[in-house]
Amino acid sequence: TKMGSAGPTLGAKTVAKDGTKAKSVLDALLSDSGMDSQVATRQDGNSVYIATSQEYIAKLSQAGTLGQDEAYRLAVPDDKSHFVVYVHLDPLEGQYLDQMSNSNEYKEALKGIRAVGISSRVTAPGEGAFTIRLVAN
């Protein structure tokens, strides 16, 4: 997620067993919900992307260094996760701390959170593990 002038820039990448089928299902869901004109999608082999713009899909499709970021590694330590949500809060603090209530204690607590990571993985047929981590400054 990246905050832009028109709101947050959001995107996701998934790797499916059958990228063509996954893209078809995604397109049908977006069409049925009326969201097909509001988001961009792309298929590259078995990788399927969805984002708020084609420009952000282009960034998501490039090799990156997120896995080398210390805050990411602390928030999402399992590189075998099947599902990951990661938010690095420190760069965003200026956009939301001033909007919070007047409680300095609450603001200081939020300032103390560096990042949030949510991950899950399948551990056996019908079983899985789910982790939420708050990384402190």
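The values are calculated or read from the model by the stated rules, or taken from the named source; none is laboratory data. Keep in mind that what you see is a predicted model, and the values were worked out from it rather than measured. What goes into the accessible areas is simple: the full protein's heavy atoms, side chains included, and nothing from ligands, DNA or RNA. Shrake-Rupley method; radii C 1.70, N 1.55, O 1.52, S 1.80 Å.
Hey, how many Å between the Cα centroid of the stretch 72-105 and the Cα centroid of the stretch 21-65?
Cα centroid to Cα centroid, the span is 24 Å.
Give me the angle, in degrees from 0 to 90, between the Cα long axis of helix 19-33 and the longest principal axis of the Cα atoms of the chain, rounded to the nearest 10.
70
Kindly count the pairs of lysines across the stretch 1-81 whose alpha carbons are less than 16 Å apart, treating pairs on different chains or eight or more residues apart as eligible.
So the count of such lysine pairs works out to 6.
Hey, any idea what % of the chain's accessible area is carbon plus sulfur with a 1.4 Å probe?
Here it works out to 52 percent.
Under 12 Å Cα-Cα from K107, which aspartates and glutamates qualify once same-chain neighbours fewer than 8 residues away are excluded?
Within the straight-line cut-off, K107 pairs with E93, D98.
Roughly how many Å² of T131 are accessible to a 1.4 Å probe, to the nearest 10?
50
Can you bin every Cα-Cα distance in the chain into 5 Å intervals starting at zero and give me the percent of pairs per bin, rounded to whole numbers?
Taking every Cα pair in the chain, the percentages come to 2, 9, 14, 17, 18, 17, 12, 7, 3, 1, 0.
Mean residue ellipticity at 222 nm from the helices of the chain, using -39,500 (n - 2.57) per DSSP H segment of n ≥ 4 over the full residue count, to the nearest 500 deg cm²/dmol?
It comes out at -8000 deg cm²/dmol, rounded to the nearest 500.
In Å², and per residue, what accessible area does the stretch 94-137 have when probed at 1.4 Å with the other protein chains present?
Accessible surface, normalised per residue, equals 72 Å².
Could you give me the ³J(HN,Hα) list for the stretch 72-88, computed from phi with Karplus coefficients 6.51, -1.76, 1.60 and θ = phi - 60°, whole Hz, x at Gly and Pro?
5, 4, 6, 7, 9, x, 8, 7, 9, 5, 8, 9, 9, 10, 9, 9, 8
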